[in-house]
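Asks: I'd like to ask you about the structure that follows.
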Amino acid sequence: MSQTKHWHSVRDYEILRAMIATGTTVAASQRLAVSQSTVSRALATLEGRVGYKLFNRDGNRLQPTAEALRLNASLDGLFNVLGDIEGRIQPEPEKSLRIAATTTLAHMLLQPMVVTFLRQMGMGAVSLDVGSTDVLLDGVADERFDIGISDRDIQRAGIRVTPFRRSHVACVIPARHKLASKTEIRPDDLAGTNFVASTKRLPLRHATDQIFRSAGVEPNVVVETSSSLASLEFVRTGIGLTLLNPFPISAGLPEGLVLRPFRPTLVFRTSFWTPTGKVPDARTRAFIQHVKGFVSEDPWSEAI
């Protein structure tokens, strides 16, 4: 009688996800409380089963191949089911739902969402951290945050990206400014105009600088800032005009300011980030659905 061939091992898949999240066999073994040799054997066994390479060495780290990332994504459903079963059998320990976001998203979107989530769902405490995109990336990949939210397009090992909203760049103008009468703003309209620019380390600044150069236009940059909220305040006080992501700012635009579409357009994709090394638990999934369900529709963004 031939023996049954066991092609699937949940433990091997757990090790795969831990490796993608941490990048080293040492860190993966520490996370799962197994030996380093167990991690290495499991990866070799899994590669033999699937028939393709899962990791490439990059210095001291192992970088997942595209095939490994696809395999990992396909496992989400399995681990969601296992997580639900485990949750029904054994109550999850009380802990804070750890959320992180950039300043604008934290203050203009998530703060009221956290309030309604706690009142309506009653699912334990919430921790809301505010930081730069780099802080979010590291924190989510290292599982110090359960959820990150940003409008930065990224692809990074250890982070699962769930698209949320799509929006297009808008020009912020004082309502009494002469350009407020236009239905859309083009680079020529901003030639010589006092301008509040993003700092040079941000992708938006690189993109807008390229648009202006292509059009042969040079706005008069009077202030640079990394904060959309600061940009709004500078425009409100009459320092200059600015270009930014209208989501979620359009819902709480300060009085006296208007938004106008900018052409050529730039697209922003706001997404939720979760660690690939663990299955999003019930509260994480509930919060994401809560935010998706309670965002007000507006003419400046759309669900994706």
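The values are calculated or read from the model by the stated rules, or taken from the named source; none is laboratory data. If you're wondering where the values come from, they're calculated on a predicted model, not measured in any experiment. Positions of Cβ are generated from backbone atoms using ideal geometry, with glycine treated the same way; all protein chains shown enter the neighbour counts. Ligands, DNA and RNA are excluded from the accessible area calculation, which covers all protein heavy atoms including side chains. Shrake-Rupley method; radii C 1.70, N 1.55, O 1.52, S 1.80 Å.
Asks: Any chance you could check the Cα centroid distance between region 162-199 and region 100-151 for me, in angstrom?
Replies: 28 Å
Asks: How large is the translational diffusion coefficient of region 189-304 in µm² per second when you combine the Kirkwood radius over alpha carbon pairs with Stokes-Einstein at 37 °C and 0.692 mPa s?
Replies: 200 µm²/s
Asks: Would you calculate a helix-derived [θ] at 222 nm for the chain, using -39,500 (n - 2.57) for each DSSP H run of n ≥ 4 and dividing by the full residue count, to the nearest 500?
Replies: -11500 deg cm²/dmol
Asks: State log₁₀ I(q)/I(0) for region 216-262 at q = 0.30 Å⁻¹ as given by the Debye formula over alpha-carbon point scatterers of equal weight, solvent excluded.
Replies: -1.39
Asks: A follow-up question, please. So what are region 259-304's ellipsoid semi-axes, whole angstrom, largest first, if each one is the square root of 5 times an eigenvalue of the alpha-carbon gyration tensor?
Replies: For region 259-304, the semi-axes come out at 29, 15, 5 Å.
Asks: A further question on this structure: Just need the Rg to Rh number for the chain, please, alpha carbons only, Kirkwood Rh.
Replies: 1.06
Asks: Still on this structure: List the longest stretch of the chain that has no exposed loop site; here a site is one of the chymotrypsin sites (Phe, Trp or Tyr not before Pro) assigned by DSSP to anything other than H, G, I, E or B, with at most 14 other Cβ within 10 Å.
Replies: 53-304
Asks: Could I ask something else about it? Over the chain, what is the mean sequence separation of C-alpha contacts under 8 Å (at least six apart), divided by residue count, expressed as relative contact order in percent?
Replies: 24 percent
Asks: Between ASN194 and ALA180, how many nm apart are label points set 7 Å from Cα along the C-beta direction?
Replies: Modelled inter-label distance: 1.6 nm.
Asks: While we're on this one: Would you grab the residues whose amide H sits under 5 Å from the one on PHE262? Only those 5+ places off in sequence or on another chain, please, with H modelled 1.01 Å from N.
Replies: Under 5 Å from the amide H of PHE262: CYS171, ILE185.
Asks: Let me ask you something else. Nearest 20 debye, what's the magnitude of the dipole of the chain about its Cα centre given +1 on Lys and Arg Cβ and -1 on Asp and Glu Cβ?
Replies: Once rounded to the nearest 20, the dipole reads 400 debye.
Asks: Here is a further query. Hey, rough spin-label estimate for ARG213 and ARG57, points 7 angstrom out along Cα→Cβ, what's it come to in nanometres?
Replies: Once both label points are built, they end up 3.9 nm from each other.
Asks: May I pose another question? Using only the Cα atoms of region 98-251, build the gyration tensor, take square roots of its eigenvalues as a ≥ b ≥ c, and label the shape rounded, prolate or oblate: rounded if a/c is under 1.5, else prolate if a/b is larger than b/c, else oblate.
Replies: Working: a/c = 2.60, a/b = 1.78, b/c = 1.46.
Since a/c reaches 1.5 and a/b is larger than b/c, the shape of region 98-251 is classed as prolate.
Asks: Same structure again: Note down the accessible area of MET113, probe 1.4 Å, to the nearest 10 Å².
Replies: For MET113, the solvent-accessible surface is approximately 20 Å².
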